[in-house]
Structure formats: C-alpha cells, structure tokens
C-alpha cells in the first residue's frame, strides 16, 4: 500500500471513531450540551483538557520553534504548563463549586451585572475566534501536505467532522472525542521521539537522553562552530525581560482561556476539578517535556547530515529529496563549491529549514515504517480538530447561553435554549471555516492576541471574584475594560506590519516588553484599576458576598456541613 | 483574606479556608522559584553549574520546572483531599465508598 493510501486509511478510521462518538453522545438537554451533565471522570477530563489545549501548532510546530529559539524556547514550555498550576490552585475548584456553564456566567453573576456579562462574552468570542481560525487552517494544511488535496477541501472536511460531533453531542460528544484524539496524538508524537532518541543516543526515553547524554552540548558546540547562536545559553534570541514577561503572560493567559476553564465544569465535584487539573498537566507534560528533546535531536541530526556534505550525495537521501520538493527544506549551493554550508548570514547560508520539518520529517529520518508517518498525520489532525471543537463550544455558548438566554431572552425554555446552542455552534463552525479558507492578517498573531487578552481581562476578573470579597461591579468592569483595551491597542501597534501592512511597527515595545508579553502589563493595570475603583465605590450587595463565601468551601455531605 | 464582619462562615469553614490559602501560598512560592528564579533571573549564573549533560538553568527551563509543576498540583490535590476529610467537607464519602462500608 502506498504511503498516501495508508495515511488515508488511518485518517478515515480515526474520523469514523469521532463520528461514532458524536452519534453515541447525542444529548437532549442544555446541561449535557454545555457541561456534559457534570458526569466526566477526572482522568478523562484531564485527557480532554490536554487535547483541548494542545493545538495543531503545539503538535506540528512547537518542537521546531523551540529548536530555533534554543534556551529561550522556555517561554512556551514553562508558559504553557505553569499556567495549569495557577488554574488548578486559584480558579478551577471554585468555578466548579459555583457550577454554571460558562465564564461570562460567573463574571455576570459575581459582579451582578449584565454589562460585565456582555463584556466577558465578547472577550470570550474574540479570544476563541482568533484561536480557532488557525486551527481550521491547520486541518487544511495537514490534508494538503499528506494527501495532496486542496487546502480549501481539507478545511471543508474538518468543518464537516467537527460540526457533526459538536452539534449532536455538545460538550459530551466533544469530551469523549477529545479523549480519543489525545490518545492518537500522544502515541504518534512519542513513537517518533522515542525512535530518533534511540537512533542518536541509544537511550529510548527522550527526556532521559536529553538530560543524561551530552547531545545538547554537542548541538550547542556545533552551532557555535558554524557561527550560529549558542543553543544552551540563555537570552540569545529574546531579552531577559521579554523571556520573563512572555512566560508570565502565557501562564496567566492559559489560566484565563475560556475553552480550558469550561472543561472544569464538566466534572462531578470540586475534588474532581482539582484532580482533572493534575491529570491534565501530566498528559500535557508528556508532550511538553518530549518536545525540547525532539527539537535538539532533530536539529542535531539535520546539521550533521547536511553540513559540509556534497549536494549530490545529500540529494540521494530519501527524506532530503522528499522534503526539498515540499519547499520546507531548501538547499542552494550559493558559493558553488558543491557542498552545503550552514551560516548565520542570510546571503551565504545554503540550508533553509522550515520549523515544521522538525516533527514532520522525523519519522522518515528515523526510518520508521510508513504506518508511523501516517499516524503523525492523523495525530496532527486530532490535535487541530480537538482544539477547534473546544473553542467552538466556548464561543458559541458565550453567545447562546450568556447573550441570548441570560441577557436577551431569560424566559426561553429548555427546548429553545438547546436549539439556540445548536444553531450557534453551527454558525461558529461556518465562521471558523471561512477564516480557515481566508486567513486574516491576525491569524499569525494568535498567540499574542488570545493569551494577552485572556491574561489582561478574564484572569484578573475571575481571580478577584474569588479571593477579594470586597471586589464590586464597578471595579471589575473598569478593570476588564482597561486591561482589554490597553492590551488590544498595544498588540495592534506593535504588530502593525502584519495586521495593517505598515512598513514598520508603530511602536517596537512597551518598556522593553514585546507584543507576546504585553498581556502581563494589561493584567497589572487591570488589578490596579479594579482595586482602586472598587475601594472608592460601595461594597457589593450582601448576597454577592455570601456567594463568594459559598464558592470557597466544598458542599460536604457530613453532618457538620448543615450549618 | 476577608476580615469581613458580615461573614456567614462557621469557625470550621474559616479554618478550612485559612489552611487552603496557606497551602496555595507555599506551593506558589515553589512555582515562582523553579520557573522565574531558577530558569530566568538566575539563568546566567546557574548555566555554569552542570546538571548531568546540561547546564542547571537550562534543565530547569526545559525539563525540571515542568516536572515540579506536576508535583505541585498533585501535592495540592492530595493535601486538599486530607483537608476536606479533616474538616468534613467531602462531597462524596471517599473512605466509606472505597471500603464498601455504608454510613
């Protein structure tokens, strides 16, 4: 069987499973649609959070991205894992105790204001929308790369699959498909990493090989020899202040991303919410501790196999000729000596590597069977589809539950609400698909926007809502607006070349902090404004103060619990 | 945290909340030490210290901090299970269920 046929078969099998789960999970009430009826076990929720969380980009691009950033790649590694400590310790258990359906739900009730609810709903929609556009594009790219179909066709297939299980099964369907998708993506990722780890170091466990052998040191020395940046030394690509700010912004943003937070509503108890956070981080860390090792191995191997080798000899290698055809690997013998040289200078460098090649080419480099190559394609699709589904539910529930039901039509009955939820998720799929086919300028800026805005708006509002009983409506609304507008404007100004097509960014940085880290400043402003405004205005009503006390303590079934 | 005069909470609930806050504070101190201190603020001095095949700060930045994060969340979940039981806030009676003994 050819590689394409094998890939097609494996993708079709995984799709059949997702469709079957959607059919099996079909729901009849809004509680099942929005929060899977609070029936998800903690371990399954952990796997679903991990799949929800790890996007197509985490799967395909992250190892490559880190291998280009060297030490400074830690912004993604620590930023996208450390946020789970904040989420599990500071937010998840209390939101579960509160126990409604969405993030704007909590903000609207806690700050006794439909204005706050609407602002939170708009922030949720915007954050999720920027993120989902990239996911749909990712589905199209995987299809076009592995099966040579048009990107548009790939996006349409992805939309069809997601629409089916999300509309029928709501959160319940999404959760159980995510559990399967996590399994597919982690198996594909680990097989690949284990194979190349064993090939290069003789040790099959990538994390162990990275820590206990000198391979990273050899890569670092090799890069220095070639005049590239020292791999193991900090702050070669980003300044120390930016590494600090971006890491913190990604952590706060992780803790404030609505599609991750709503997953904690799907479990039965406060205790299960804590344990879901623990399992989620284990599952995420499996990939996030493997990625830096994979990045080192693949980059070392690429430089070793190509540098100073005659062009003709190199082109005989199967994977080299295959990936040069896709344009992800470019070899040009610029000085005409018949050999390839890596240099740090654009004009003399003869090997150009796209970061995605680190993950995509590794199965072939490590001489794994075509089955694994096909599995990696299915893994990339699983990663993109699972994240897309979670985001679509988060953004559609902010509209159908918070704006339609809680603000516009509180008298809507169960049937009308369920119908509205299904219509909204269908519309969300169409919008996401449209952005997948026509990617707007901001798609590349997803990380800055989604995480910056979540860090600067939702995270402080939820945190203060739980830990500061005195926080009131005025403080929260002014705080959210300050954080949101400041961060939004700053990112627009710093990324103006990509978004508006200006020749140069309007401003380069704010106090030395770049667009990806600016959410931290937005969050600090939010905290300050919230505090000052809330202390200058009246305390929240009695019943809100009781709500705050109530969410802090689990219910308890003991006799002493009835006070 | 609140010092609020209208508090409806019992002494038992207040004690539980204080313990919870103390635990969160301690765990977040470790969280900041392994990430922001060891891997960023002290990145340069610690990169001269060798940890097996890697500089120590690099190991914290790309492996160690993540492993510590996992430990922190597990410690939190386990400690809170104990607190829930001690202060009688279990939503489901874990011990009884595990032993199959009914109350």
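Could you go through the range A:90-99 and let me know if any residue there is at the interface with another protein chain (Cβ under 9 Å from one of its Cβ atoms), surrounded by fewer than 23 Cβ atoms within 10 Å (Cβ to Cβ) and either without any contact (Cβ under 8 Å) to a residue 12 or more places away in the chain or over 15 Å from the mean Cα position of the chain (by Cα) (or both). Yes: the range A:90-99 contains one or more residues that are at the interface with another protein chain (Cβ under 9 Å from one of its Cβ atoms), surrounded by fewer than 23 Cβ atoms within 10 Å (Cβ to Cβ) and either without any contact (Cβ under 8 Å) to a residue 12 or more places away in the chain or over 15 Å from the mean Cα position of the chain (by Cα) (or both).
In the range A:540-551, the count of residues that are surrounded by fewer than 16 Cβ atoms within 10 Å (Cβ to Cβ), closer than 9 Å to residue A:475 by Cα and without any contact (Cβ under 8 Å) to a residue 60 or more places away in the chain is zero.
Of A:228, A:250, all but one fail to be in contact (Cβ under 8 Å) with a residue 60 or more places away in the chain and not in a helix (DSSP H, G or I); the exception is A:228.
A single member of A:210, A:238 is modelled with pLDDT of 95 or more and farther than 30 Å from residue A:389 by Cα, and it is A:210. Considering only the range A:279-290, I want to know if a residue exists there that is over 29 Å from residue A:214 (Cα atoms), within 11 Å of chain B (Cβ to nearest Cβ) and part of a helix (DSSP H, G or I). Yes, some residue in the range A:279-290 is over 29 Å from residue A:214 (Cα atoms), within 11 Å of chain B (Cβ to nearest Cβ) and part of a helix (DSSP H, G or I). Please verify whether the range B:65-80 includes one or more residues that are touching a strand residue (DSSP E or B) at 6+ places or on another chain (Cβ under 7 Å) and either at the interface with another protein chain (Cβ under 9 Å from one of its Cβ atoms) or touching a residue at least 60 places away in the same chain (Cβ under 8 Å) (or both). No, because not a single residue in the range B:65-80 is touching a strand residue (DSSP E or B) at 6+ places or on another chain (Cβ under 7 Å) and either at the interface with another protein chain (Cβ under 9 Å from one of its Cβ atoms) or touching a residue at least 60 places away in the same chain (Cβ under 8 Å) (or both).
Taken over the range B:30-46, the criterion of being at the interface with chain A (Cβ under 7 Å from one of its Cβ atoms) and buried (at least 20 other Cβ atoms within 10 Å of the Cβ) is satisfied by B:31, B:35, B:39, B:40, B:43. Tell me, please, whether a residue that is touching a residue at least 12 places away in the same chain (Cβ under 8 Å), more than 9 Å from chain B (Cβ to nearest Cβ), surrounded by 24 or more Cβ atoms within 10 Å (Cβ to Cβ) and in a helix (DSSP H, G or I) can be found in the range A:238-247. Yes, the range A:238-247 contains a residue that is touching a residue at least 12 places away in the same chain (Cβ under 8 Å), more than 9 Å from chain B (Cβ to nearest Cβ), surrounded by 24 or more Cβ atoms within 10 Å (Cβ to Cβ) and in a helix (DSSP H, G or I). Residues in the range B:47-64 that are more than 7 Å from every other protein chain (Cβ to nearest Cβ) and in a loop (DSSP other than H, G, I, E, B): B:48, B:49. Might you let me know whether the range A:370-383 holds any residue that is surrounded by fewer than 17 Cβ atoms within 10 Å (Cβ to Cβ), farther than 30 Å from residue A:31 by Cα, in contact (Cβ under 8 Å) with a residue 24 or more places away in the chain and under 21 Å from the mean Cα position of the chain (by Cα)? Within the range A:370-383, not a single residue is surrounded by fewer than 17 Cβ atoms within 10 Å (Cβ to Cβ), farther than 30 Å from residue A:31 by Cα, in contact (Cβ under 8 Å) with a residue 24 or more places away in the chain and under 21 Å from the mean Cα position of the chain (by Cα). Answer with yes or no whether residue A:483 is touching a residue at least 40 places away in the same chain (Cβ under 8 Å) and more than 18 Å from residue A:259 (Cβ to Cβ). The answer is yes for residue A:483.
Using the structure shown, decide if residue A:308 is on the phi > 0 side of the Ramachandran plot and in a loop (DSSP other than H, G, I, E, B). Spelling it out, residue A:308 is indeed on the phi > 0 side of the Ramachandran plot and in a loop (DSSP other than H, G, I, E, B).
In the range A:185-194, which residues are over 17 Å from the mean Cα position of the chain (by Cα) and buried (at least 23 other Cβ atoms within 10 Å of the Cβ)? Answer for the range A:185-194, where residues must be over 17 Å from the mean Cα position of the chain (by Cα) and buried (at least 23 other Cβ atoms within 10 Å of the Cβ): A:188, A:192, A:193.
Just one residue in the set A:530, A:562, A:457 is at pLDDT below 90 and over 15 Å from residue A:109 (Cα atoms); that residue is A:562.
crowded, with 20+ Cβ neighbours inside 10 Å, within 11 Å of chain B (Cβ to nearest Cβ) and at pLDDT 95 or above, is that true of residue A:69? Give the derivation first.
Numbers: crowded, with 20+ Cβ neighbours inside 10 Å: yes; within 11 Å of chain B (Cβ to nearest Cβ): yes; at pLDDT 95 or above: no.
Criteria not met by residue A:69.
From the list A:73, A:108, A:115, A:79, the one residue that fits, being under 21 Å from residue A:424 (Cβ atoms), assigned by TED's automatic domain parsing to the domain that holds residue A:526, touching a helix residue (DSSP H, G or I) at 6+ places or on another chain (Cβ under 7 Å) and assigned to a helix (DSSP H, G or I), is A:108.
The values are calculated or read from the model by the stated rules, or taken from the named source; none is laboratory data. The structure displayed is predicted, hence computed values, not measured ones. Backbone-built Cβ (ideal geometry, glycine too); neighbour counts: all protein chains shown.
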